[in-house]
Amino acid sequence: MADENFFEEKYFFHLLNLNFHFPNKEIFDLFQKFKSFKKTFEFLKTKITKFQSEEELIKELKENNIEIITFNDKLYPKTLKNIPDPPLGIYCKGEIKLLDSFCLAIVGTRKATKQGKLLAYQFASSLAKIGISIVSGLAFGIDENAHKGAIDVGGKTIGVLGTGIKLALKEKNLAAKVNLLVSEFLPEAPGLKHHFPLRNRIIAAISKGTLVIEAPLESGALITARLALEYGKDLFVVPGDIWNINYAGSNMLLKQGAILVTCPEDILQEYGIKIKEEKVNLTEEEKELLKIIKENKLEEINEIIKFSNLDTGRVLAIISSLELKGIIKNISGKIKIL
């Protein structure tokens, strides 16, 4: 922000967003013509009614550790530039370099079952543990459990918002824990209904693939899934009970050709990723939990948590690690020792 000329484009991007609320096709077309937010702003000067001084914006961004990345910024991710309707800029808080990492989206219904939440947590923790950045939308249900799974194993996770970053930090405790927050909307923008499908295109674009867990037919996750396919990304789906409405959309995607997965290894296999041999060595915690499972002939995760006297998050993390190491397999929520 110290370089005035460098910040100028960010400032005019923000003023245009303040007045026209991105995404906006008129502004997008004008920017494509002028290749400059300042020139676009000057062309529309007569329509500008809202202002914020450059000093005020700098203060706001610094106080909240928010960075603006515009379309013509070197940090703007190539994955976003390649879609038909890329955001003209994004507001970011956290580890911006994660936008260029190996990202995988995990999405699904807000009204997830207990089993769906466990699946989201386990897939996320297993994949995050080996360096994959988990992307989701910071909503309730599948999203929040995917973020938590990555966080609990010390992995990386990106939250793409349908609100502004400042508002998310006020409303969601989880927002402060993710490694990177991304939003197309003004820092205090509310979560309007039409924001969330727009948010989904960013989730699909920055991710190498999208994993769908529990998506009803009306789920926003199906929008993310459709966009992932349009963008040439991989689409993975966990199958489910045909009588459960939470899996109606998921099973439909499978009939249409999505890749069926039942464990994190299925995804890793698609990308040719193998766990290094040294990971077969078990930690003391893993040995102890494995002993408890064997001695008590436990299968249900809830039973394992009860017998272990450990926190739920810790047990799930250990189970995910054991599964990745090929010691156990999680089959529809039941643990089998291999």
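The values are calculated or read from the model by the stated rules, or taken from the named source; none is laboratory data. This structure is a prediction, so every number in the text was calculated from the model and none was measured. Every residue, glycine among them, receives a Cβ derived from its backbone with ideal geometry; neighbour counts consider all protein chains shown.
Residue under question is E303, and the condition is that it be loosely packed, with under 14 Cβ neighbours inside 10 Å and among the charged types (D, E, K, R); does it hold? Considered against the rule, which asks whether it is loosely packed, with under 14 Cβ neighbours inside 10 Å and among the charged types (D, E, K, R), E303 comes out as no. What number of residues in region 147-176 are more than 8 Å from the chain's Cα centre (by Cα) and touching a residue at least 40 places away in the same chain (Cβ under 8 Å)? Number of matching residues: 9. Residues that are among the polar types (S, T, N, Q), surrounded by fewer than 24 Cβ atoms within 10 Å (Cβ to Cβ) and not in a loop (DSSP other than H, G, I, E, B) within region 218-254 comprise N246, N251, listed in sequence order.
Scoring K74 on the criteria (1) at pLDDT below 95; (2) assigned to a helix (DSSP H, G or I); (3) surrounded by fewer than 24 Cβ atoms within 10 Å (Cβ to Cβ) leaves a single failure, condition (2). Here K81 clears all of (1) touching a residue at least 40 places away in the same chain (Cβ under 8 Å); (2) surrounded by fewer than 16 Cβ atoms within 10 Å (Cβ to Cβ); (3) under 28 Å from L211 (Cβ atoms) except the condition numbered (1).
Yes or no: I292 more than 30 Å from the chain's Cα centre (by Cα) and either part of a helix (DSSP H, G or I) or more than 27 Å from H147 (Cβ to Cβ) (or both)? Full working, then the answer.
Working: more than 30 Å from the chain's Cα centre (by Cα): yes; either part of a helix (DSSP H, G or I) or more than 27 Å from H147 (Cβ to Cβ) (or both): yes.
Against the criterion (more than 30 Å from the chain's Cα centre (by Cα) and either part of a helix (DSSP H, G or I) or more than 27 Å from H147 (Cβ to Cβ) (or both)), I292 qualifies.
Quick one: which residue in A124, A105 is buried (at least 24 other Cβ atoms within 10 Å of the Cβ), in the same structural domain as R226 (by TED's automatic domain parsing) and under 12 Å from V178 (Cβ atoms)?
Result: A124 is the single residue among A124, A105 that is buried (at least 24 other Cβ atoms within 10 Å of the Cβ), in the same structural domain as R226 (by TED's automatic domain parsing) and under 12 Å from V178 (Cβ atoms).
When you scan region 208-217, do you find a residue that is assigned to a strand (DSSP E or B), crowded, with 22+ Cβ neighbours inside 10 Å and hydroxyl-bearing (S, T, Y), even just one? Yes, because at least one residue in region 208-217 is assigned to a strand (DSSP E or B), crowded, with 22+ Cβ neighbours inside 10 Å and hydroxyl-bearing (S, T, Y). Among the residues making up region 108-124, those that are over 9 Å from A146 (Cβ atoms) and in contact (Cβ under 8 Å) with a residue 40 or more places away in the chain are T109, K111, A112, T113, Q115, G116, L118, L119, Q122.
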